[in-house]
Structure formats: structure tokens, C-alpha cells
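The values are calculated or read from the model by the stated rules, or taken from the named source; none is laboratory data. Remember, predicted model here, so these are calculated numbers, not experimental data. Backbone-built Cβ (ideal geometry, glycine too); neighbour counts: all protein chains shown.
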Amino acid sequence: MSQFVTETHIKNGHLELNNVPFTDDIEVKVIVIPKVDLAKMSFPEIWEVTKPIKGNLAADIIQEREIR
């Protein structure tokens, strides 16, 4: 399964993606992760912000780096 990572904005409750490398009319799974400035947060704040994220983010980040 191929993956595509991009950044965009949610505006008025809508998410729009342009120039994605997939064919039209294909089913996809979308995971929305809000960006936060972790450098400005304390460790307890970081823990609270990232706690609800399911899955293994470390493995996902490593995999993304290997692809690039």
C-alpha cells in the first residue's frame, strides 16, 4: 500500500487535497493530525496532546524517513 503525506488546512470544516498521486474515484483512509509546536510545550502538555493518537507514531515516522 502506498502512502502520501502532505500538509493542508481545514477551512469551514472541509479538507481539500490537490495533486495527490492517486487515480480518481479510489477509496482512501485519511488520518488528520493537528500540527502543534511541541518545542513551546512542556512534557506533560506534549503527553496530553499526543496521548489520543492511536498507533505507533515512532514506527510511522521511521518508515516515512526511509521512503524519502
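Filter the stretch 38-68 down to residues that are acidic (Asp, Glu) and at pLDDT below 75 and give me whichever is farthest from residue 9 (Cα to Cα). Write out each step before concluding.
Quick first cut of the stretch 38-68, residues acidic (Asp, Glu) only: 45, 48, 60, 64, 66.
If we keep only those that are at pLDDT below 75 too, we end up with 60, 64, 66.
Details: 60: 22, 64: 21, 66: 26 Å.
Of everything passing the filter in the stretch 38-68, 66 is farthest from residue 9 (Cα to Cα).
Scan the stretch 17-34 residue by residue and report those that are acidic (Asp, Glu) and either surrounded by 10 or more Cβ atoms within 10 Å (Cβ to Cβ) or within 17 Å of residue 6 (Cα to Cα) (or both).
Hits for the stretch 17-34: nothing passes.
Could you please tell me which pairs satisfy a Cβ distance under 6 Å, a separation of 6+ or placement on different chains, a first residue in the stretch 30-41 that is at negative phi, and a second residue that is of a type in the set (Val, Ile, Thr) and not in a loop (DSSP other than H, G, I, E, B)?
Final answer for the pair search is 36/49; 38/46.
Residues of the stretch 1-35 being closer than 19 Å to residue 50 by Cα and of a type in the set (Lys, Arg), which ones? Quick ask: steps written out before the conclusion?
As a first pass, look at the stretch 1-35 and keep what is closer than 19 Å to residue 50 by Cα: 5, 7, 30-35.
Matches in the stretch 1-35: 35 only.
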